[in-house]
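One structure is given below, encoded as structure tokens.
Values quoted throughout were computed directly from the atomic coordinates according to the rules given, and no laboratory measurement underlies them. Because the structure is predicted, anything quoted here is derived from the model rather than measured. All Cβ positions, glycine included, derive from the backbone under ideal geometry; neighbour counts span all protein chains shown.
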Amino acid sequence: MPLSQAVVFGHNVVLNCEAVTDQPGTLTYTWYHNGTQLTASVFSNNSLLIVDVQQSKLGNYSCHVTSSNHSETNILSSAVLIQAYIRPFVNNPSQVTVTEGETTILECVTGESAPPPQVYWEKDGQPVTSGSEFKARFGTHSYDMIGQYYMKLILDSKPRETGLYSCVAVNTAQGIQVKSLVVQVKISAIETKPYIDVDISQNSTVMAPEGFRLVLSCAIGGFPKPVITWYKLQDVIVPDSRVRVLTNGSLEFVLLIQNDQGYYFCEGSNYLGHVRTQDVFVQVSYIDLLFQEEPESLYITAGQPVVLHCIPPISFPPANVSWYKNNQPMVYRTGEQAVYIVDPVVGIWNLFFTDIQKQDEGRYFCVATNNYAIPTSRTSKSADLQIGGGPVFLDPPVSTSVVTGEGTRMICMVGGDPFPQITWFLDGLMVLPDDTLILRNQNQELYMANVNKIREGLYTCRATNVYGEAESTAYLKVLVPPVIVDFIETVTVISDHDLVLPCYVNGDPKPTIQWSKDGKDINSSDRILIGSSDLTVKKVDLKDAGIYTCHAFNMAGAIFSTATVTVNMKPEFVKSPLNTTVTMGQSVAMDCEVRGNPTPTVSWLFNGTNLLPPGTIVSSDNHGIHVAIVTWRHVGLYTCVASNILEAATRDGRLSVHVLPRIQAINGDPVVYLNQELDLTCTVSGIPNPTIKWFHQDTAVVPSLDGRVTIPAQNKLFIKYVKVSDQGEYKCVAENLAGKTEFPITVTVIESPIPPVLTRAVSFTSTSVTLTWSPSTQKPNTPLSQYIIYYKKEIDVDYKRLPITAGSTDTQIEVVGLSPGSMYMFVVSGVNPAGEGRLSNVLSAKTMDSGPTPPRNLKILFSNSSTVQLEWEIPAETNGQIRKYQVWYKAKGDNTEIMSLFTTKDISKPSVTMTISNLDPFTLYEFKVRGATKEGGEDMWGELSGYVDVKTSASVPSDVPQITKVQTLSSTAIQVGWQDPPMNTWNGQSLKYRVYFTDLNFTSATNQMTTAHFSINITTLSPWRWYSFVLEIGNEAGWGDRSNSVISNTFPAAPTAPPVILIIQASDKEVEVTFQLPDKRTWNSKLTGIIIQYTDGNSVETNYVDNIQRTSVAIRQLLAWTDYRIRLSIYTDSVPNGDGPYTEWRTIRTNESAPGTVGNVNHQATPTSITLTWSPPQKPNGVIQHYVIQYQDEGIGADHLTSNILVFRPTTEDTMSGNGKSQSI
């Protein structure tokens, strides 16, 4: 059913309507407003949405329901919408002064409110928590949505109840609070000795956070007021700036510390006696800033157990820990992939993943909570958990079989993150798609059509991603019916040779083979061998000729093939060509005679081709060749080829010639470095192959006994460790049957370089010496590759070689890694491929004294938002007296280091302390330090220590905020917006914002609202007011600077209070009302005029007076002696429906006036009297006091006219009854 409501203009309202029926058919819903049908804003559930309620949308709403099977329409209960409002209090409480022990009663009556108000009592601005409160409905109202309450507060009077009291009524729809007059309640105390006040709450144990204020109440009463003394255990507490006793006897800890923990009690005394309270145990709660262990970011492969560590800060009572993922509370799991906190009971708060999965990826942090401490929680740093998944087989391939020519499918379903790449292999070779093979579903499905034996084998599915590789195999068996492959249908075999008839059969399962000849089965014998794939007949003769059949069969079928065998004789050579050698230019002949059946044909080949060299003559029967003059063209292999229908046979004869030796070159580098190798090769040709000898300076070279000179091959000469004496002319001499040839070459030997001349050796540091030299002029063709430096201490025997060398063009080098304050000797030598030359002259130099070793045990003593205090111990080896220190520091991740110099005066102290200031808040810094001694006026800086890290604490934001948007939303709401300041000005973990807003028109009161967003809607403002807005940015360290103020105003609204009627004066025909306007704070806009409503009990008349300056209005043309009810309101044209609330009805009666004419006058005469009758006037215009009867004696003629007056006074009964009147004259 729709419900009647009191609504606020501009808001939306939903009215519900739902009906049920036990008859078939559908229900149709129709909404009406004040009798007019509505067509829009009806939801599918038949509810009605009324958008932006204004004056025109108030009134009666009804829902009509019609059944499709009935013509009758049912009207559900209607709902009435009226404007929400609240009136001032009708009756206010009165001031009360009583004596302790008496009963105090306060009463009030609220004004009307739609909807009915929420009501309560306040004392000193706070809701009353003592005494007894009563509430009852007041007055009668036509709607339940309008309410008015009578309120009573009964107090058991005690001095502590003294204060300022008021009634409060709240209109929940408008959000408006109305208060009664504030009255004072004074309760005078009576003399009594100190006593324990049981009404004052006092716990036996109090827990409070460290660093905050704590007040312990002293539950002692009495009069005169007792003197209060506080004790901790048995010791009297002496107040100071941190702990003090308040005027009400309470003990205040301005700043609670851990040493304040203990047992406390208070003692009160006056001249009548004394009393002591029970002990109260104060426990100090706290939670440290830093976690003992925090979670670290991990990169994990799925399926592994993982632990995120978290040990909360030291806390009392011990902190509880909760885990968060992606800023949301952690959802724990059970089962095989459980996620849980290890053991909260014993305080092991690590988060354990038994089998981590991709769904667990995210950002994690733990929150330590101590509800008794302030702050109540600490948050660890965040840890990013990244999950990768190696390939996993969800449905691996399965071995199967298929008949050749048919199709098959293999699947390989995998999982992994990222999704793996799938590759198929057949017997180790990658499978690629073709006309009969396709891959689908990201290669997880392999389809093959028209399968043949080539598809058989071991298939491997390989899945690969960045986390690994996995393989799964399956065997595909291809079943094949018997097939005879490459069977020879016609075979000719030479007699006395073996006959082999192949019968290669494929099939699966393996076929059985049976042979037959001329229709008869063949059985194995010594001469006939039946193999698995062939038939062999040894030393065939003519009877073995015939038709041979190979039968193959298996469970899939059978097949056979036949071959016709013919036995013939192969060609045989009677005379063959012979190998022949002649001298170049001589003649030569070769013969070839053959026999065979069929008769062979004879042909000749030269070097395997049919092209015989020019000048070669073949005999007419092809059985011989002849060459008259042999040249190089004729040298080669001659082949006689004898062929018949069975085969071709060949015999070779080679023709060779003799050729004079020829030396093409001597290969090898004739320029060689001293002690290197000489390797010469003599390239020679000649037929027959020549013999080769070597000569040096015309003397034959023979291998040396020590192996230095060797001749590995006759055309090679090899000399190791070449000497200067090995240079000169060498000859290669080649000789064969055709003659002798020689070839000379000159060998040059290059020696090692001449050393440079050392000119200077100077030390600039404690660990290095700089050498300078002058290069020497080398012999011709003698290169220089680099210089080698040798050094030793003066007291040492052997030189050491410097690990680094100098280039051939260098003339200077710095020798580092030397000992401080030591005398060194230096020499230099040159090097080339021939080796290292002799050493140079010797120079000496002494290194300078060194600086100290790194300072030890660098640590952080103290840090805040801008300062870090460091301490370190002096170096283990000072190498003199340390005169100063340098501290190097930088923000972690920054490449720019800052140096801070510190000079120490007390060089005997074992440790040094230094404070670094002007640091950025909430920033992780790295610090390192080094010390320096002095030598010859120069600072001798030592080595830097290792880094130590510290993060400065948070500080209030440093950026001055700016309001960027102020937008008026309504008469009571303004939106204030701003931009997020640069992150480097946050100076903390996160930001919060506080907006101050001040009423500039009336109250000058400043309020505040806090948010974490970039804008805020302030909805509790008053209409038609100017407000100033100031923004303040804060973080966990506190609040920073405030912005400049920005001013804006709310929209106007209808007035919220009526004028105050002062005087109502009436005449017989008009009423004048004197009034004063209400408080300007209730105008809510620029007022236009006054509204007067009046009624005599029939209709209500409304007049608008467009003059707000008037202080009185007159209502004219009224009826005399009539009761009128009058009320006033004010209104504005600035907004639609700008009428304000009305005053209460005031009743006044107009004055009396002359009555109207009497009616129905009749008379009855006698000789001496006349009786008159009449009816009272229809408009008596007051109370009829009397009637006047005027009569005259007309006599005879006008001169004798006589007039008389008779007054008739009606009785009260006559007056009240209204009956006709009579009077006799």
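Over segment 960-1006, Cα pairs under 8 Å with separation of 6+ residues give a relative contact order of 23 percent. Identify all lysines with a Cα-Cα distance to K225 below 20 Å; exclude those on the same chain that are fewer than 8 residues away in sequence. Of all the lysines, those that pass the test against K225 - Cα under 20 Å, at least 8 places apart if same chain - are K158, K186, K193. For segment 261-320, the list of GluC sites (Glu not before Pro) that fall in a loop by DSSP and count at most 12 other C-beta atoms within 10 angstrom reads E296. When you restrict to C-alpha pairs under 8 Å that are six or more residues apart and normalise by the size of the chain, the relative contact order lands at 3 percent. Summing Cβ point charges (Lys, Arg +1; Asp, Glu -1) relative to the Cα centre of segment 952-1060 gives a dipole of roughly 220 debye.
Straight-line reach from K539: which lysines have Cα under 19 Å away, leaving out those fewer than 8 places along the same chain? Hits, sequence-local ones excluded: K517, K570. Note on the chain: helix-only mean residue ellipticity at 222 nm, from DSSP H runs of 4+ residues weighted -39500 (n - 2.57) and normalised by residue number, equals 0 deg cm²/dmol. Of K723/K800; K453/K520; K859/K884; K57/K965, which ones are farther than 27 Å apart at the Cα? Cα-Cα > 27 Å for K723/K800; K453/K520; K57/K965; rest within. Loop-located trypsin sites (Lys or Arg not before Pro) in segment 723-764 (DSSP state other than H, G, I, E, B) with a sparse environment of at most 12 neighbouring Cβ atoms within 10 Å: K723.
Over 20 Å between C-alpha atoms is what I'm after, so list which of K381/K951; K720/K779; K325/K951 land there. Provide the component values of the computation, followed by the final result.
Values: K381/K951 12 Å; K720/K779 23 Å; K325/K951 25 Å.
With Cα atoms farther than 20 Å apart: K720/K779; K325/K951.
For segment 914-998, GluC sites (Glu not before Pro) are listed when DSSP marks them as loop and at most 15 other Cβ atoms sit within 10 Å of their Cβ; the list is E943.
Partner lysines whose Cα lies under 24 Å from the Cα of K793, excluding those fewer than 8 positions away in the same chain, are identified as K846. Between L38 and V618, full extension at 0.36 nm per residue minus the direct alpha carbon distance yields a gain of 196.2 nm. Spin-label model, Q664/L49: points 7 Å from Cα along the beta carbon direction are separated by 10.0 nm.
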